[in-house]
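See below for the structure under consideration.
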There are 2 protein chains.
Amino acid sequence: VSGRDPGPGRPRLGSSPEFDLIAAIAERMEATLAASGSPAEIRVGIGDDAAVTVPPGATATTVDALVDGVAFRRRWCPPRSVGRKALAAALSDLAAMGARPGEAYVWLGRPDDFDQGACLELAEGLADLAAEHGVAVLGGDLTASPALSVCVTAVGHAGSAEELVGRSGAEPGCALCVTGELGGAAAGLMLLEHDELAAEVPAAGREAAVARQLEPAPRLAAGAALAAAGTVAMVDLSDGLGADARHLAAASGAGVEIELDRLPLAAGVREVAAAAGRDPLELAASGGEDYELLCAIPRGRLAAATDAVCECGTTLTEVGRVVSGGSVRLRLPGGRSVPVKGHDHLRGR
Amino acid sequence: VSGRDPGPGRPRLGSSPEFDLIAAIAERMEATLAASGSPAEIRVGIGDDAAVTVPPGATATTVDALVDGVAFRRRWCPPRSVGRKALAAALSDLAAMGARPGEAYVWLGRPDDFDQGACLELAEGLADLAAEHGVAVLGGDLTASPALSVCVTAVGHAGSAEELVGRSGAEPGCALCVTGELGGAAAGLMLLEHDELAAEVPAAGREAAVARQLEPAPRLAAGAALAAAGTVAMVDLSDGLGADARHLAAASGAGVEIELDRLPLAAGVREVAAAAGRDPLELAASGGEDYELLCAIPRGRLAAATDAVCECGTTLTEVGRVVSGGSVRLRLPGGRSVPVKGHDHLRGR
């Protein structure tokens, strides 16, 4: 963790970094080293020009960023959740590769009205999730910024590149499956953005949905289990099932058919959808940020993969199939199917 | 390069990503693969959940971010230079480790009034510098943001962790040296921020100083040569010589003495300082963003290290020595010495 000091010899731009705050954040991040389960040997952590590691084989690296007003609002997202969400989004990408999580590097863009206590809470939320998954936070940077922003680079590992699962291996005939349940993060967001919905949703459903939005859990164990069980293509559900299925299909040069009524609904989704006059399956098919995994599994390996995911404490649900051609279609409960055209694919129904 | 799509099933926050723009940026970044000189085997680049590489030994990883109004202003920093500066700052950290540059991951926070053409120019500037140094840009993300922001994670390589040089190995008796020339970036910033200075500075000096601010060159070859020649501690000059010398001294548990009149002045510094009524040595000692290297070299290796840096087309200047104790002092031309107390260490002179 370093800060830029423009120095007295030049005109100052913006505010100067606060080295005390940086030191306090660095201390919190350094504590993640003690809980590190990274397969990489960590030689130099925070405090030098760069961190130094010796990775065991292949590495998977991803960057994810959250900006206030785009992925969250400070009004309803406490600093701890901002930190947690930022790391979770990056770790979810590693889960979708079947990688073992290793290290993270964090940049924090801090507005003037986000005080030191809030910065430390954000660091705490991020460090807690890191420790849960054995991720060592090895570096970062802090800059003044008009909008609260967090950018996380996460590095995962595998013995060899062949053990990692990309998006491009889906073949016609594969089962299309999702881990866990869908629509929860979207339902949570609706509750957080529309206070008037709360009164119409029972507390248990409300809490479950809001937790899916504020405290996402990257499916790292399930991702590794799926990779080991012979999954041939995988993507994490950050943009929404429809959009991410399109990504998987396009990368694989295949098509995808999804049975809408097979989608597993997260707790609270039915109640929130009812209160908002929305279709719960629509939330499940197009809401983003569930951070579940969508994967293509050859039929012969489906039973073993399902068992492997169950052993991680997560469910695996078959929601459709990979087909030839390039189209991504949703089969509606009545039997009719509609193409997933893009972000607005369900708007016209 | 991916974009977050909030989907129609949830209230939209901010603006939606533009997949055409992302594709165009990704295409420009993918071109860096062709010029890649990374010692790592690159197995998966842009377009999957994460990039996959097989590093050859030890890796050095660093994060650097630029935000409009803090590290630059859009008024005077063209998009190409924003991209170039962001990558240069991260690569400079790798240079200070003596690492060979390998891969980069980029997040771009884009305000509404920064149009697609500007985004592509920024990508172009970054990709050009990447290609100059054989760096492959393997991933990234694009988010709407109220302030133009670029966050770069850079990964470098070495055969083993022992080949990399940290900040903490300086010992009393070592010569303290800097590569290249100092104060240029600070002089350039003064010219860019104060239009009225231009008329008083000859064109050659003006251009040289502005180029140091807008087109910084990370000292990767010199850093690798210094590491191979037995440099025991190294840091890049991003915060300014005084501040960075303090970082090196603190990490090494040693003190540092710098002879002010030995500082090598960059082209244009004298002229800009004269026009602004400032001391050129003050700009050299405390101006940031020169991205030269400050290093501690055992006396017996100094001649060889100097030759090695010269072979890279850069100079190495002895500017002081490492001493016992923890203080960092500047020896002024008259013989008096003053402590470097922090960011404002020269203000009181």
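Checking the conditions here, which among A:ALA147, A:ALA158 is within 11 Å of chain B (Cβ to nearest Cβ) and within 25 Å of B:ALA40 (Cβ to Cβ)? Before the answer, list the steps.
On the way: A:ALA147 fails: within 25 Å of B:ALA40 (Cβ to Cβ).
Criteria check complete, one pass: A:ALA158.
Considering only region A:262-330, give the helices (runs of 4 or more DSSP H) lying wholly within it that have at least 3 residues that are under 30 Å from A:GLU200 (Cβ atoms) and within 14 Å of chain B (Cβ to nearest Cβ). Steps first, answer last, please.
Details: elements: A:269-276, A:280-286, A:302-311.
The qualifying helices (runs of 4 or more DSSP H) are A:269-276, A:280-286.
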With respect to B:ALA208, is the statement that it is open to solvent by 10 Å² or more (accessible area, probe 1.4 Å) and within 14 Å of chain A (Cβ to nearest Cβ) true?
no
When both residues are 6+ apart or on different chains and their Cβ atoms are under 7 Å apart, which pairs have a first residue that lies in region B:223-241 and is closer than 21 Å to B:VAL63 by Cα, and a second that is open to solvent by less than 10 Å² (accessible area, probe 1.4 Å) and of a type in the set (Lys, Arg)?
none
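Of the residues A:GLU196, A:GLU207, which is acidic (Asp, Glu), assigned to a helix (DSSP H, G or I) and under 14 Å from A:ALA266 (Cα atoms)? Steps first, please.
Values: A:GLU196 fails: under 14 Å from A:ALA266 (Cα atoms).
Of the residues listed, the single one that is acidic (Asp, Glu), assigned to a helix (DSSP H, G or I) and under 14 Å from A:ALA266 (Cα atoms) is A:GLU207.
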Would you confirm whether any residue within region A:79-95 is free of Cβ contacts under 8 Å to residues at least 24 places away in the same chain, open to solvent by 10 Å² or more (accessible area, probe 1.4 Å), out of contact with any strand residue (DSSP E or B) (no Cβ under 9 Å at 6 or more places or on another chain) and more than 30 Å from B:VAL44 (Cα to Cα)?
no
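Looking at the structure I just gave you, is B:VAL235 within 13 Å of chain A (Cβ to nearest Cβ), in contact with a helix residue (DSSP H, G or I) (Cβ under 6 Å, 6 or more places away or on another chain), open to solvent by less than 20 Å² (accessible area, probe 1.4 Å) and of a type outside the set (S, T, N, Q)? Walk me through how you get there before you give the answer.
Values: within 13 Å of chain A (Cβ to nearest Cβ): yes; in contact with a helix residue (DSSP H, G or I) (Cβ under 6 Å, 6 or more places away or on another chain): yes; open to solvent by less than 20 Å² (accessible area, probe 1.4 Å): yes; of a type outside the set (S, T, N, Q): yes.
Against the criterion (within 13 Å of chain A (Cβ to nearest Cβ), in contact with a helix residue (DSSP H, G or I) (Cβ under 6 Å, 6 or more places away or on another chain), open to solvent by less than 20 Å² (accessible area, probe 1.4 Å) and of a type outside the set (S, T, N, Q)), B:VAL235 qualifies.
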So which of B:GLY325, B:GLY287, B:GLY334, B:GLY268 ends up being without any contact (Cβ under 8 Å) to a residue 12 or more places away in the chain and either in contact with a Lys or Arg (Cβ under 7 Å, 6 or more places away or on another chain) or of a type outside the set (Val, Ile, Thr) (or both)?
B:GLY334
Over region B:238-252, the set of residues over 30 Å from B:GLU207 (Cα atoms) and either among the polar types (S, T, N, Q) or within 13 Å of another protein chain (Cβ to nearest Cβ) (or both) is B:ARG246, B:HIS247, B:LEU248, B:ALA250, B:ALA251, B:SER252
Within region B:116-136, of all residues that are over 17 Å from the mean Cα position of the chain (by Cα) and closer than 13 Å to B:ALA31 by Cα, the one most open to solvent (accessible area, probe 1.4 Å) is B:GLU124
Out of A:ALA217, A:ALA229, report the one residue that is within 18 Å of the chain's Cα centre (by Cα) and under 25 Å from A:GLY156 (Cα atoms).
A:ALA217
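More than 12 Å from chain B (Cβ to nearest Cβ) and either at pLDDT below 95 or on the phi < 0 side of the Ramachandran plot (or both), is that true of A:ALA185? Quick ask: steps written out before the conclusion?
Numbers: more than 12 Å from chain B (Cβ to nearest Cβ): no; either at pLDDT below 95 or on the phi < 0 side of the Ramachandran plot (or both): yes.
So A:ALA185 fails the test.
The values are calculated or read from the model by the stated rules, or taken from the named source; none is laboratory data. As the structure is a prediction and not an experimental result, all values here were calculated from the model. Positions of Cβ are generated from backbone atoms using ideal geometry, with glycine treated the same way; all protein chains shown enter the neighbour counts. All accessible areas refer to the heavy atoms of the entire protein, side chains included, with ligands and DNA or RNA removed. Shrake-Rupley method; radii C 1.70, N 1.55, O 1.52, S 1.80 Å.
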